[in-house]
Structure formats: C-alpha cells, structure tokens
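To start, the structure itself, in structure tokens.
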Amino acid sequence: MADSPPRPIPSYVDIRRSKRRKRTVSAYRDGERVVVLMPDRLSAAEEARWVETMLARLEKQRSRSRVSDEKLLARAHELACRHLPEVPEPASVRWVSNQNRRWGSCTPADRSIRLSTRLQSMPGWVVDYVMVHELAHLIEPAHNAHFWDLVHRYPKAERAEGYLEGVSAAASLDFEDF
C-alpha cells in the first residue's frame, strides 16, 4: 500500500530549517502561529509529513491541557468565594479565540466573562489572576483605585501582572489593559 501524499502546509505554520540541527524536529505555538524547527536536509515531502505530525502532537497536547468552560466557571466561583465574596455570581465563563489584544473581558450587564485561549498555555496562577481581574469588573467596571484594591486581594496579583507584561514584551506586542 503506497503512502498518501502529504497535505499542503497550512499558512499559519512557520518552518525554520537549520544546518546545525541534525536529527530532531520540534514545534511550538507562538500566538496564533505554529513554528516547526527541522534539519535543513529534509525533502519537501519529509517536511510536509513532519509538519502534519507536529500539528497533531500540538493539538493532542492542547486538548489534554485545556480546562473546559464548565471547569472555568467552577474555578471562578471558588476564586470569588476566596477573594471577592461580595462579587455577584458570574453567569458564564468561557474561552474565546478572538481576543488578540486582551487577556480577558467582562460584560457586567450579563455577568459574562471571557478568557483568551492564549492563556491556556500559561501557569494556573496567571489564569486565576486574569479571572480575579474580570470578576472584580462585576463589582467595579472602571480601572480605578477601588477596582485595583479588589484585584490585589489575589495574593499573586503583582507576580501575575509581571508575568503577563513579560509575555507581552517578549512577543513585542502592545496589549491593552485587559
């Protein structure tokens, strides 16, 4: 049985070949893009097969580590009870993939919270911080002193803010305040 021809390489994949790389192929996500690192000597067919393999591995890794929207809502309740007991109960908390310049957003009118899927690869305490930030908006919509007092009840707030600033700086991005 002959091998089927490889599929075309998707436009969101960046391939970086190296003469120094001899045997290994690796891949990682960089925002909405996937970077695949491979030896320079591979043929176009081998390249396409490796890209397909690495995309499948990354997707498997992502699906294993992804916290469901239901678990996000439960986590929001837990964080609210612990740090913001006066916050109204959020109606929904969900992952969204259309937030490229924000880590999260909140609509106080319907008590919905949305978190960027870009957070999924970050430590849990960073996701918790963004969640607390958005929960605080259910009490105080503006980024005023009262709002920041609420947010800084989360013990790792400053550390998480630094982490997110570092991620933004490393990516040379100009993120707005949540």
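The long axis of helix 69-83 is offset from the longest Cα principal axis of the chain by roughly 40 degrees.
In the neighborhood of GLY31, defined by Cβ-to-Cβ distances under 12 Å, what is the net charge if each Lys or Arg adds +1 and each Asp or Glu adds -1? Around GLY31, the surrounding residues sum to +1. Solvent exposure of the range 83-178, expressed per residue, is 48 Å² of accessible area, with all protein chains present and a 1.4 angstrom probe. Helix-only arithmetic for the chain: the sum of -39500 (n - 2.57) across DSSP H runs with n ≥ 4, divided by the residue total, places the mean residue ellipticity at 222 nm at -13000 deg cm²/dmol. Taking every DSSP beta bridge that has both ends in the chain, the antiparallel portion is near 45%. Charge tally around LYS22: other residues with Cβ under 11 Å, Lys/Arg +1 each, Asp/Glu -1 each, net +4. In terms of its C-alpha gyration tensor, the chain comes out prolate, because a/c is 1.5 or above and the ratio a/b outweighs b/c.
Against the longest alpha carbon principal axis of the chain, how many degrees, from 0 to 90 and to the nearest 10, is the axis of helix 124-136 turned? Around 40 degrees separate the two axes. Could you work out how far helix 44-65 tilts from the main Cα principal axis of the chain, as a 0 to 90 degree angle to the nearest 10? Tilt relative to the chain: about 30 degrees.
The values are calculated or read from the model by the stated rules, or taken from the named source; none is laboratory data. Quick caveat: nothing in here was measured; it's all calculated off a predicted structure. We place every Cβ from the backbone using ideal geometry, glycine too, and count neighbours over all the protein chains shown. Only protein heavy atoms, including side chains, enter the accessible area calculation; ligands, DNA and RNA are left aside. Shrake-Rupley method; radii C 1.70, N 1.55, O 1.52, S 1.80 Å.
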